[in-house]
1. Output the number of the condition that residue 157 fails; it satisfies all remaining conditions of (1) over 19 Å from residue 89 (Cβ atoms); (2) β-branched (Val, Ile, Thr); (3) surrounded by 12 or more Cβ atoms within 10 Å (Cβ to Cβ).
2. When residues of the stretch 63-85 are filtered for being open to solvent by 10 Å² or more (accessible area, probe 1.4 Å) and in contact with a strand residue (DSSP E or B) (Cβ under 7 Å, 6 or more places away or on another chain), how many remain?
3. Out of the residues in the stretch 132-149 meeting the condition of being part of a helix (DSSP H, G or I) and of a type in the set (Lys, Arg), tell me which one is least open to solvent (accessible area, probe 1.4 Å).
4. Exactly one condition in (1) assigned to a helix (DSSP H, G or I); (2) closer than 30 Å to residue 182 by Cα is not met by residue 2; state its number.
5. So how many residues does the stretch 24-42 have that are of a type in the set (Ser, Thr, Tyr) and away from the ligand (no atom under 12 Å from the Cβ)?
6. Pairs only if they're at least six apart or on different chains, beta carbon under 6 angstrom, first in the stretch 26-41 and within 14 Å of residue 88 (Cα to Cα), second open to solvent by 20 Å² or more (accessible area, probe 1.4 Å) and near the ligand (Cβ under 10 Å from one of its atoms); list them, first residue then second.
7. Are there any pairs, at least 6 apart or on different chains, whose C-beta atoms fall under 6 Å, with the first in the stretch 50-62 and open to solvent by 50 Å² or more (accessible area, probe 1.4 Å) and the second polar (S, T, N, Q) and more than 7 Å from the ligand (Cβ to nearest atom), and if so, which?
8. List the residue pairs whose Cβ atoms are under 7 Å apart, where the first residue sits in the stretch 138-155 and is closer than 20 Å to residue 85 by Cβ, the second is within 9 Å of the ligand (Cβ to nearest atom) and of a type in the set (Ser, Thr, Tyr), and the two are 6 or more positions apart or on different chains.
Amino acid sequence: MFNLILFGPPGSGKGTQSEKLIAKYGLKHLSTGDLLRSEIAQQTALGLEAKKIMDKGHLVPDEVVIGMISSALDANPDAKGFLFDGFPRTAAQAEALDKLLDLKKTSINVMLALEVSEEELVKRLLKRGETSSRSDDTNEAVIRQRIAVYHSKTAAVADYYKGFDKAVYLKGEGTVEEIFGRICGEVDSRL
Ligand code: ADP
């Protein structure tokens, strides 16, 4: 199996690059943001609770997203590998993910972190907010709050993988194809 974490702040292009990566490498895409938005669309109890948190730019509780990932791993026993997008976002989530993968006799191969300046992130997210149905992308204060949460809680996840020598940083600015080329170079060197 090949398991990859695509890491980076909100607006760094994880979703865009994930689509291209799953098409090229046949990995199963697991995005906690997408899983949560699907709960919201179905108006489940979990979705209704999560929406209130997401609209403030805060993180949904660890146990909720860890439970979703655990179910998704169980639901895909034949996957060639997983691409984690938007997860793990806290050190506790990273530790839980290692345990879940351990049970499946597999592990994370690499964490690829996309680096983008804050002004570019805000610009991209406000632009996405003009056309997407995502309410968390229309308000600049909520966008800046999500970036602040990334620095205060999520950046620690990179240190966790650095400790295992699995963290790689890539420039997340340039054209979509240029960035995809950088990511594929790192993946190919590890396959
Ligand atoms: P973005 O990275 O652009 O903020 P996501 O779709 O990854 O978008 O996440 C949207 C929101 O969903 C986050 O702001 C957060 O509230 C919630 N969320 C997604 N993934 C997680 C996670 N792993 N842990 C906690 N909350 C999460």
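The values are calculated or read from the model by the stated rules, or taken from the named source; none is laboratory data. As the structure is a computational prediction, the values presented were derived from the model and not from experiment. Cβ atoms come from the backbone with ideal geometry, glycine included; neighbour counts cover every protein chain shown. Note: areas computed on protein heavy atoms with side chains; ligands, DNA, RNA excluded. Shrake-Rupley method; radii C 1.70, N 1.55, O 1.52, S 1.80 Å.
1. Condition (1) is where residue 157 drops out.
2. Residues in the stretch 63-85 being open to solvent by 10 Å² or more (accessible area, probe 1.4 Å) and in contact with a strand residue (DSSP E or B) (Cβ under 7 Å, 6 or more places away or on another chain): 4 in total.
3. Residue satisfying both the conditions and the ranking: 146.
4. Only one criterion is unmet by residue 2, namely (1).
5. Within the stretch 24-42, residues that are of a type in the set (Ser, Thr, Tyr) and away from the ligand (no atom under 12 Å from the Cβ) number 1.
6. So the pair list comes out as 35/68.
7. Here the result reads 55/135, each pair linking the stretch 50-62 to a residue that is polar (S, T, N, Q) and more than 7 Å from the ligand (Cβ to nearest atom).
8. Close Cβ pairs satisfying both conditions: 153/90; 154/90.
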